[in-house]
Amino acid sequence: MQTLGFLGGTGPLGRGLGLRLAQAGHRVLIGSRRAERAAEAVDKVRTKDPDVDVGGVENPAAAAADIVFITVPYEAQRPTLTALAPALEGKVVVSCVNALAFDERGPHPVLLEAGSAAEEAQALVPSAKIVGAFQNVSAPALLRVPDPVNADALLTGDDPDARATVAELAGGIPGLRAVDAGPLRLSRPVEELTAVLIAVNKRYKAHASIRLTDVEL
């Protein structure tokens with residue numbers, strides 16, 4: 001069992017991933033800037049499964065976990081990681097962030113100087129082992145327990161051992177496959193695909209994720 005910390009884990013993705021990973025036997029800390037918001041998120045998680053090992057903490061406590069997930073909105077990523085960088089040094093840090101914007105035509109990617117939110121996280125915490133993952137996985141599907149998720153999580157990162165660690169975590173979620181998609185520089189198209197999925201889901205009133213064909217794991 002490992003302790004998993006979620007920075008800004010109060011949203012649907014943080015709660016959904018936290019719930020599923022807690023059900024897989026891990027200790028989960030849902031972080032927030034405010035302890036009361038974290039406690040509210042934990043209450044919501046426990047309505048899905050009252051027996052999971054989930055606690056609500058402020059973000060610095062979540063950053064002290066064995067493996068840390070970044071689930072803040074993109075706008076909060078830089079100040080959050082800048083403040084918590086010393087606690088994240090040398091750790092496996094999972095970037096679940098998408099840099100998206102919305103206008104009258106719907107969602108669209110935001111072009112970043114670093115290339116992607118995951119690459120920006122790596123630049124902010126150079127010694128961390130950043131792995132991009134779960135950006136395209138449907139939060140409602142994660143929260144719909146006990147149904148299997150039936151999706152693929154594309155993993156990007158420059159440290160193969162870190163990718164393998166995150167793949168093992170993902171493999172503990174029923175119906176979720178971890179697909180090694182290669183180096184961190186490929187995070188941009190993975191993140192941008194989320195805008196497409198949001199548009200498709202809105203049009204078809206669905207909660208679609210992605211599943212790759214002809215990949216045997």
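One table, with the values for the structure above:
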{"read-out": "Net dipole in debye of the chain [+1 Lys, Arg Cβ; -1 Asp, Glu Cβ; about Cα centre; nearest 20]", "value": "580"}
{"read-out": "Listed residue (Leu217, Val196, Val94) projecting farthest to the positive dipole end of the chain, Cβ model", "value": "Val196"}
{"read-out": "Partner lysines for Lys129 [C-alpha distance under 30 Å; skip if fewer than 8 residues away on the same chain]", "value": "Lys91"}
{"read-out": "Mean Kyte hydropathy of 1.0 or more with a Cα span along the axis of at least 27 Å, helices from DSSP in the chain", "value": "none"}
{"read-out": "Neighbour net charge for Ala38 - beta-carbon separation under 12 angstrom, K R +1, D E -1", "value": "+1"}
{"read-out": "Over the chain, relative contact order from alpha-carbon pairs under 8 Å, at least 6 apart, %", "value": "18"}
{"read-out": "Sum of side-chain charges, Leu29 neighbourhood, beta-carbon under 12 Å (Lys, Arg +1; Asp, Glu -1)", "value": "-2"}
{"read-out": "For the stretch 2-124, projected area of the alpha-carbon convex hull averaged over all directions, nm²", "value": "7.9"}
{"read-out": "Net charge dipole size for the stretch 1-102 [Lys, Arg +1 and Asp, Glu -1 on Cβ; Debye, nearest 20]", "value": "160"}
{"read-out": "Magnitude of the charge dipole, the stretch 1-53, Cβ model with Lys/Arg +1 and Asp/Glu -1, debye to 20", "value": "180"}
{"read-out": "Mean accessible surface per residue for the stretch 172-217, computed with a 1.4 Å probe while every protein chain stays in place, in Å²", "value": "66"}
{"read-out": "Accessible surface of the chain [probe 1.4 Å, protein heavy atoms]: carbon and sulfur percent", "value": "52"}
{"read-out": "Exposed GluC sites (Glu not before Pro) absent: longest stretch of the chain, with sites in DSSP loops and at most 16 other Cβ within 10 Å deemed exposed", "value": "114-215"}
{"read-out": "Most positive-pole-ward Cα, Gly157, Val179, His108, against dipole of the chain from beta carbon charges", "value": "His108"}
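The values are calculated or read from the model by the stated rules, or taken from the named source; none is laboratory data. The shown structure was predicted, so the numbers you read here are calculated from the model rather than taken from an experiment. Here the Cβ is made from the backbone with ideal geometry for all residues, glycine too, and neighbour counts use every protein chain on show. To get the accessible areas, we keep the full protein, side chains included, count just its heavy atoms, and leave off ligands, DNA and RNA. Shrake-Rupley method; radii C 1.70, N 1.55, O 1.52, S 1.80 Å.
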